[in-house]
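First the structure, in the form of structure tokens, and then the observations on it.
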Amino acid sequence: MGLFADLRDSVSRVTASLFADDSEPKRIGIYGPPNAGKTTLANRIARDWTGDAVGPESHIPHETRRARRKENVEIERNGKTVTIDIVDTPGVTTKVDYSQFLDHDMEKDEAVRRSREATEGVAEAMHWLREDVDGVIYVLDATNDPFTQVNTMLIGIIESRDLPVLILANKTDLDDANIQRVSNAFPQHETIPLSALEGENMDEVYDKIAAYFG
Amino acid sequence: MPHQCTNCGHVFADGSKEMLSGCPDCGGNKFQYHPSEIPADSPSGDPTPSDGSDADSSTVSGAVGRAADRVRDAVAEADTPADDPTPDDEGDTQSDPAADSPGATAPDADPGVRAATPDDEDGAQATARSEVVDVSTLPDQPTDGRVVEEPDTDEAEPDLEDLREELNDQFESIRIVAPGQYELNLMELYDRQEYIIALQEDGQYVIEVPDAWEAADPTDVE
């Protein structure tokens, strides 16, 4: 039974890719380090265009521990409609330590569990990047130094796959946000400042999404 | 020419850098080192008569050749008609006193001599036998034999290499430092075909293989 279901799925996938290539919405992964505001952005986009949210936001790192997808988000720009699937991914990092959660009033057991799930989440995010993403919105916290191993490695992977990428310098509502530092870090890409939380500069973000992924 | 490819026998000049990138003939990467000039004829050393006389001190055939020579000398001193049963030996026995004759005559010499002169032969044969036995009991001497065996070990090597590579590939996409503490190799996670869906504290991963991934794809995310 499962075999037939698999077969049917793969056949329908193949036919879909044969006949509906152009109309298939592009799958855009929202990537970045933990706590950069990826879910806040995903929710902002989803609420603006579908009325739903993607997932819970939190100031605690690794709140998002499974990739979450919002399908068929229709964004209207200049009379045209661009349809994308948004994939909100767990924050990517090279180290996960439960002790970082203990500061957030969490019991050790829960912190350890969260740490394990976060690690699985990173593995999932990296897998999605390899298999299932047509474009990337890379979200950075503009108050942090963008020159990190994770950022360099992920941007490198994205470039090596020739995926279209939009770099967002998030949290411009905070005083110590430094947009110039972000654009200096990745001069080969366009950097767009925004505050996903406050909804600042979202119009430009949507313009660029339509231009890059439409 | 101190180095020689153990696979095809290609000999490299002293100090040659050629072999640093593998044998140009067969691509082999295993070489044996000979400090002297020996290696040139070592692979085919045994059967050649000249080898017997050249490498007296080191090979079994040399010892056999020497034994045969002594037998022949003994026979020649006794002035017995040793040539009759072994016509091949005629030339050799005639030239015997003058030169160290080739070891190729060794197999023929023994039976022929034995038949002709019982008295002298016994002594000669005894020394011949004892010498052959002595040499053959030395385990280190037959260096030629090692050359023959080398290809076997050569075949075994790539397996080890493959295994090591395979293990390296599988190793440490996620390292569990302690419960709740992880180090991630992002490049490794990205390169993996498999998808890790659950971690266990005992160090086991639950992974999904690529084929199954296709089917599970939608359900996992939604």
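How many of the residues in segment A:75-91 are acidic (Asp, Glu) and in contact with a Phe, Trp or Tyr (Cβ under 6 Å, 6 or more places away or on another chain)? Show your work before the answer.
Filtering segment A:75-91 down to residues acidic (Asp, Glu) leaves A:76, A:85, A:88.
Adding the requirement that they be in contact with a Phe, Trp or Tyr (Cβ under 6 Å, 6 or more places away or on another chain) leaves none.
Final tally of qualifying residues: 0.
Can you tell me which of A:Glu124, A:Glu117 is in contact (Cβ under 8 Å) with a residue 12 or more places away in the chain and under 13 Å from the mean Cα position of the chain (by Cα)?
A:Glu124
Name the residues in segment A:67-98 that are open to solvent by less than 20 Å² (accessible area, probe 1.4 Å), closer than 13 Å to A:Asp132 by Cβ and within 7 Å of chain B (Cβ to nearest Cβ), would you?
Across segment A:67-98, the qualifying residue is only A:Ala67.
Does A:Ile209 satisfy the criteria of being within 23 Å of A:Lys80 (Cα to Cα) and either open to solvent by less than 10 Å² (accessible area, probe 1.4 Å) or hydroxyl-bearing (Ser, Thr, Tyr) (or both)?
Judged against the criteria, A:Ile209 is a match.
Quick check on this structure: which one of A:Glu190, A:Glu198, A:Glu204 is at pLDDT below 95 and surrounded by fewer than 18 Cβ atoms within 10 Å (Cβ to Cβ)?
Going through A:Glu190, A:Glu198, A:Glu204 in turn, just one is at pLDDT below 95 and surrounded by fewer than 18 Cβ atoms within 10 Å (Cβ to Cβ): A:Glu190.
Determine if segment A:28-51 includes at least one residue that is open to solvent by less than 60 Å² (accessible area, probe 1.4 Å), over 20 Å from A:Ile192 (Cα atoms) and modelled with pLDDT under 90.
For segment A:28-51, residues open to solvent by less than 60 Å² (accessible area, probe 1.4 Å), over 20 Å from A:Ile192 (Cα atoms) and modelled with pLDDT under 90: present.
Tell me which residues, restricted to segment A:139-196, are within 14 Å of chain B (Cβ to nearest Cβ) and either touching a Lys or Arg at 6+ places or on another chain (Cβ under 9 Å) or under 23 Å from A:Lys95 (Cβ atoms) (or both).
A:Thr148, A:Gln149, A:Val150, A:Asn151, A:Thr152, A:Met153, A:Leu154, A:Ile155, A:Gly156, A:Ile157, A:Ile158, A:Arg161
Could you identify the single residue in A:Val82, A:Val92, A:Val112 that is out of contact with any Ser or Thr (no Cβ under 8 Å at 6 or more places or on another chain), without any contact (Cβ under 8 Å) to a residue 40 or more places away in the chain and among the hydrophobic types (A, V, I, L, M, F, W, C)?
Of the residues listed, the single one that is out of contact with any Ser or Thr (no Cβ under 8 Å at 6 or more places or on another chain), without any contact (Cβ under 8 Å) to a residue 40 or more places away in the chain and among the hydrophobic types (A, V, I, L, M, F, W, C) is A:Val112.
Of all residues in segment A:125-163, which are open to solvent by less than 60 Å² (accessible area, probe 1.4 Å), more than 22 Å from A:Arg66 (Cβ to Cβ) and part of a loop (DSSP other than H, G, I, E, B)?
Listed by number, the residues that qualify are A:Ala142, A:Thr143, A:Pro146, A:Thr148.
Checking A:Asp105 against (1) touching a strand residue (DSSP E or B) at 6+ places or on another chain (Cβ under 6 Å); (2) farther than 25 Å from B:Arg175 by Cα; (3) free of Cβ contacts under 8 Å to residues at least 12 places away in the same chain, which single condition isn't satisfied?
Only one criterion in (1) touching a strand residue (DSSP E or B) at 6+ places or on another chain (Cβ under 6 Å); (2) farther than 25 Å from B:Arg175 by Cα; (3) free of Cβ contacts under 8 Å to residues at least 12 places away in the same chain is unmet by A:Asp105, namely (1).
If a residue must be open to solvent by 40 Å² or more (accessible area, probe 1.4 Å) and either under 15 Å from A:Asp145 (Cα atoms) or at pLDDT below 95 (or both), how many such residues does segment A:166-187 contain?
Taking segment A:166-187 as the starting set, the residues that turn out to be open to solvent by 40 Å² or more (accessible area, probe 1.4 Å) are A:171, A:173-176, A:178-181, A:184, A:187.
Within this subset, residues satisfying the condition of being either under 15 Å from A:Asp145 (Cα atoms) or at pLDDT below 95 (or both) are A:171, A:174-176, A:178-181, A:184, A:187.
The total comes to 10.
Here are A:Leu166, A:Leu197: which of them is assigned to a loop (DSSP other than H, G, I, E, B) and touching a residue at least 40 places away in the same chain (Cβ under 8 Å)? Quick ask: steps written out before the conclusion?
Details: A:Leu166 fails: assigned to a loop (DSSP other than H, G, I, E, B).
Sole residue among the options that is assigned to a loop (DSSP other than H, G, I, E, B) and touching a residue at least 40 places away in the same chain (Cβ under 8 Å): A:Leu197.
The values are calculated or read from the model by the stated rules, or taken from the named source; none is laboratory data. Note that the structure is predicted; figures quoted are calculated from it, not measured. All Cβ positions, even for glycine, are placed from backbone atoms using ideal geometry, and neighbour counts span all protein chains on display. The protein model used for the area step is the full one, side chains on, heavy atoms only, and it has no ligands, DNA or RNA in it. Shrake-Rupley method; radii C 1.70, N 1.55, O 1.52, S 1.80 Å.
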